[in-house]
Every structure is written in C-alpha cells, then in structure tokens.
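Here the structure is laid out as structure tokens; the discussion comes afterwards.
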Amino acid sequence: MFDEKNTAMFFEKDLLRSIQNITFVTYNFFNLIIISIFMKQLDRLLAEKLLKISAIKLQPDHPFTWASGWNSPIYTDNRKTLSYPDIRTFIKVEMSRIILEKFGTPDAIAGVATGAIAMGALVADTLGLPYVYVRSTPKDHGLENLIEGNLKPGQKVVVIEDLISTGGSSLKAVEAIRGAGCDVAGMAAIFTYDFPIAIKRFKDNNVEVVALSNYNAMLEAALESNYILEADIDTLREWRRDPANWTGIANI
C-alpha cells in the first residue's frame, strides 16, 4: 500500500543528504580557492621583502658569476633575512604553518648546511621539535659526523632549505637522512628558482617540495615595484630556461 507520509519523509531525507553533499563539496572547492589565493599572495609578499633587503639582487645588464661558473642575472642570499626580526619571524611562522599543512607533524626538523641551519633551528623551535642539521661533507676530525644532532631510525623528518637551485645539495641532505634510517616527509624552502632540472630530480627521488616564494612570483613583485623594467623580463626568463649556457653577453 502506498504510504504517502513515509515516501515524503524518504525523499525529504534524500534531498537533505544531497544538499549536505553539495554544501560540503562547495565548501571544499571555495576553501581550495582561498588557499590558492593566499599562497599566491604569500609568494609575492615574501618576494617583495627579499628584494627590499637585497636578499635577492637582480642585475640583468651586469650578470653575477656563481661559484658554479654560471653567469646569472640574479643573486640570492637568504641568510640576510636573519638580520631582520620581522622578516625572519614571518618566514619561520609561515614555514611552520605550511609544514603542518603539507606534511603533518614530523618527528624532527633538519636544516641543510650552511644557509638553512639557522632558519631550520627557528622552525624547529616554533614547532617544538627536535632539530639536526646536515653537513655538505662529513667533518674531517672527531666523529666525522655528516648529521649534527640525534636522529632515530624510523623518524619522520622535514628538511629545511633556504634556497633551491639545481637541487643537488638538497638531495644530498635527503640521502644522508634516509641513510640514517629516517623517512623524509618532504622539504620546505624559503625560495626556489624552479629550474626544470631541480623539479625532475626531486620527482625522481620522491621528494615533495614546497617553497614560500619562487622565481615567477619574484619577477612579478620586481616588475610591480619598478625594481626591473618590462624589457628585462624576457632576459630573466631566458636565463631560467637554460642557466648553464646563458652568457648575458647580448644584454651587456
């Protein structure tokens, strides 16, 4: 026998469930958009700060020479952020937040020597976690440590970098931590050039990387603040595409 009341209640409950599902999906969709917008603002904001204190310098017409021998229109030294309490606090707080969002709560933080030693310690202190740092080469005396500090096998570790270029030194640190029997949950960096070779290396080695700012955001911030001219953009993007073979001769 057709029960009009029960049928109406069934459809009402079904409709309510559908509305709840739609609301949940819509909420998450807009939440992702908000997070995306915030991250876009964050990378630009930090880039502006780095340019302002000359942690990042741009000289497209008078290139720098890196230790690798590469000619480059950009030079980055994020250790300068340590001299500015407001900026170093901004970085440590945002890096701590993004670590928790992307990787959950790790068991330890590891800084990569030498540029990320101090920032790694600040982040570890903010999160209340054990801290170690990884040398580029073992000490040539004493215990000949490669990792300074105590790690226990099985610990989940997040690696801190101040700058990612080709990814070589960063991955050496990852290898050392994995060699100690630990799991590298991921890597957090202040700034990355986003070189294709680095992106491929991290992917090949199964390392998830998140950076507070990046090369494209920096170019946008530099252009907006009149640090560079529109005419410089092509030169700066050309360098990033093939930094090893870029000479800058045409721009001098």
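From the cross-link list LYS49/LYS92; LYS152/LYS200; LYS102/LYS203; LYS57/LYS92; LYS102/LYS172, which pairs have alpha carbons spaced over 25 Å apart? Show your work: numbers first, answer last.
Values: LYS49/LYS92 14 Å; LYS152/LYS200 29 Å; LYS102/LYS203 16 Å; LYS57/LYS92 22 Å; LYS102/LYS172 22 Å.
Pairs exceeding 25 Å: LYS152/LYS200.
Which loop-located GluC sites (Glu not before Pro) does region 134-198 contain, where loop means any DSSP state but H, G, I, E or B and the Cβ has at most 12 other Cβ atoms within 10 Å?
On the way: sites: GLU144, GLU148, GLU161, GLU175; in loops: GLU144.
Here the sparse-neighbourhood loop sites are GLU144.
Would you work out what percent of the accessible area of region 39-152, with all protein chains in place, is carbon or sulfur (probe 1.4 Å)? All intermediate terms of the calculation are to be shown ahead of the outcome.
Values: 2870 of 5780 Å².
Heavy-atom surface of region 39-152 belonging to carbon and sulfur, 1.4 Å probe: 50 percent.
Please say if region 164-212 is rounded, prolate or oblate, where rounded means a/c under 1.5 for a ≥ b ≥ c the square roots of the C-alpha gyration tensor eigenvalues, and otherwise the choice is prolate for a/b larger than b/c and oblate otherwise? Write out the running numbers ahead of the final one.
Numbers: a/c = 1.98, a/b = 1.62, b/c = 1.23.
Since a/c reaches 1.5 and a/b is larger than b/c, the shape of region 164-212 is classed as prolate.
Report the relative contact order of region 170-252, percent, no decimals, based on alpha-carbon pairs under 8 angstrom and at least 6 residues apart.
On the way: 53 pairs, mean separation 20.5, N = 83.
Answer for region 170-252 is 25 percent.
The values are calculated or read from the model by the stated rules, or taken from the named source; none is laboratory data. Since the structure is predicted, the reported quantities are computational estimates derived from the model, not experimental observations. Neighbour counts run over all protein chains shown; Cβ positions are idealised from the backbone, glycine included. Just the protein is used for accessible areas: all its heavy atoms, side chains included, with ligands, DNA and RNA removed. Shrake-Rupley method; radii C 1.70, N 1.55, O 1.52, S 1.80 Å.
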